[in-house]
Structures are given as C-alpha cells and as structure tokens.
Amino acid sequence: MTVTIVDYQYQEVAAGTGSLPFTISPGTEYLLTSVFLQINNINNRIEIKASIGWEAQLLLLNIVPKLLFRIRRGGIAAPAPVVYQTMDSAFIGTVQEGPWVALDFTTAFQHTETATAGLVGTFQQYSLTVEHVGQNSVTLTGPVHLDGTVYL
C-alpha cells in the first residue's frame, strides 16, 4: 500500500526567540503555536507531533509543576475541540534536599486521527496550547515545535 503525503506544515520557535522564554502561572491556557492543514478526503490520516522545552522555577518550596498540553482543532481556545491532551510534571525536591539548580525538561508527544465527513474539504487549524495546573510557576524556554502531516 502506497502512502502519499497530501499536506505538511510545521512551526518552530527556537529557544530565546519570539516570546521565549516566558513564565506561566497556574490557571490560564496559553497558545504556543499552530499549523493549518488541508483535509481533502475521508481516507486522510492526520498526524500531529509536538515538543516543548520548559524549566521548573525553583523556589523555597516543594515544586510540583504540572503542565497540561492540548491540541485543539479549529481554533486556539474553547470552544475549539480538544483532539488530544497529555500532562507532564516533575517533583523537584524538598527544602532539605537543596541546593537546587535549574532543571530543564522536554515534553514530546504525537497524535493521529482520521478524517471525518465534516472535515473533508476544509483547511483546519491545529493549535498547541499549554496550561499550568500545578504549583508555583514554570518557564517555557523552548524550543517549541509543532508539525502536522496529512496522509492518504
């Protein structure tokens, strides 16, 4: 069976460029980047890959950053449906375990979905967002990478 790439797009925000780095606190969903993909056949398979570099902010408290990463289709925030989400977290340590140094993390994931009748003939936006649902603050350092491929 031959697999054909119908559409491909990527966005890369290198560390230290654009708005990176920036600090996020709990409670707000932030847009990181997005791609636009043409869906032209009910047999299309859409594959989205993402990777995000981040750093825990080290305070004099136990730190449990929890980042909720989402892929939304058709927009950058609610009510655009979430087609995939995953959480990443890290327990940094306790006050007695110091001294602490900055800890860098990378979260990477992949999502695949098949086209539906409602998507055929459309140009869809797939948005990568993040929401901090843990404690303290986190810095998004980058790089942030999002790519999407449509296969037939």
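The values are calculated or read from the model by the stated rules, or taken from the named source; none is laboratory data. These figures come from a predicted structure and were not determined experimentally. All Cβ positions, even for glycine, are placed from backbone atoms using ideal geometry, and neighbour counts span all protein chains on display. The protein model used for the area step is the full one, side chains on, heavy atoms only, and it has no ligands, DNA or RNA in it. Shrake-Rupley method; radii C 1.70, N 1.55, O 1.52, S 1.80 Å.
Can you tell which of Phe105, Thr139, Pro26 lies farthest toward the positive end of the dipole of the chain, using +1 and -1 charges on the Cβ of basic and acidic side chains (Lys, Arg; Asp, Glu)? After comparing all options, I get Pro26.
Summarising the label geometry, the points placed 7 Å from Cα in the beta-carbon direction at Asn43 and Thr122 lie 2.2 nm from one another. Computed over the range 113-152, the P(r) curve from all C-alpha pair distances, binned at 10 Å from the origin, holds 17, 39, 24, 19, 2 percent per bin. 3J(HN,Hα) couplings calculated from phi for the range 39-46 with the Karplus curve 6.51 cos²θ - 1.76 cosθ + 1.60 (θ = phi - 60°) are, in sequence order, 10, 10, 8, 5, 8, 5, 10, 10 Hz; Gly and Pro show x. Here the spin labels are modelled as points 7 Å beyond Cα on the Cα-Cβ line, and at Ala108 and Phe22 they lie 2.5 nm apart. Given their separation in residues at 0.36 nm each and the Cα-Cα distance between them, Ile5 and Val133 gain 42.4 nm when the chain is fully extended. In sequence order, the range 19-34 has phi-based couplings of 8, 8, x, 9, 9, 10, 10, x, x, 10, 8, 10, 6, 9, 5, 8 Hz under the Karplus curve 6.51 cos²θ - 1.76 cosθ + 1.60, θ = phi - 60°, and Gly or Pro positions carry x.
Where does each of 20-33, 126-139, 67-80, 42-55 land if you order them by average Cβ count within 10 Å, highest first? Don't jump to the answer; show the numbers that get you there.
Numbers: 20-33: 14.4, 126-139: 20.0, 67-80: 16.9, 42-55: 18.5.
Going from most to least packed, we get 126-139, 42-55, 67-80, 20-33.
If you take the square roots of the eigenvalues of the alpha-carbon gyration tensor of the chain and sort them as a ≥ b ≥ c, do you get rounded (a/c under 1.5), prolate (a/b over b/c) or oblate?
Values: a/c = 2.67, a/b = 2.43, b/c = 1.10.
The shape class here is prolate.
For Gly134, nonlocal amide neighbours, meaning residues 5 or more places apart or on other chains whose placed amide H falls under 5 Å from its own, are Lys66. Measuring with a 1.4 angstrom probe and ignoring ligands and nucleic acids, Val150 comes out at about 0 Å² accessible.
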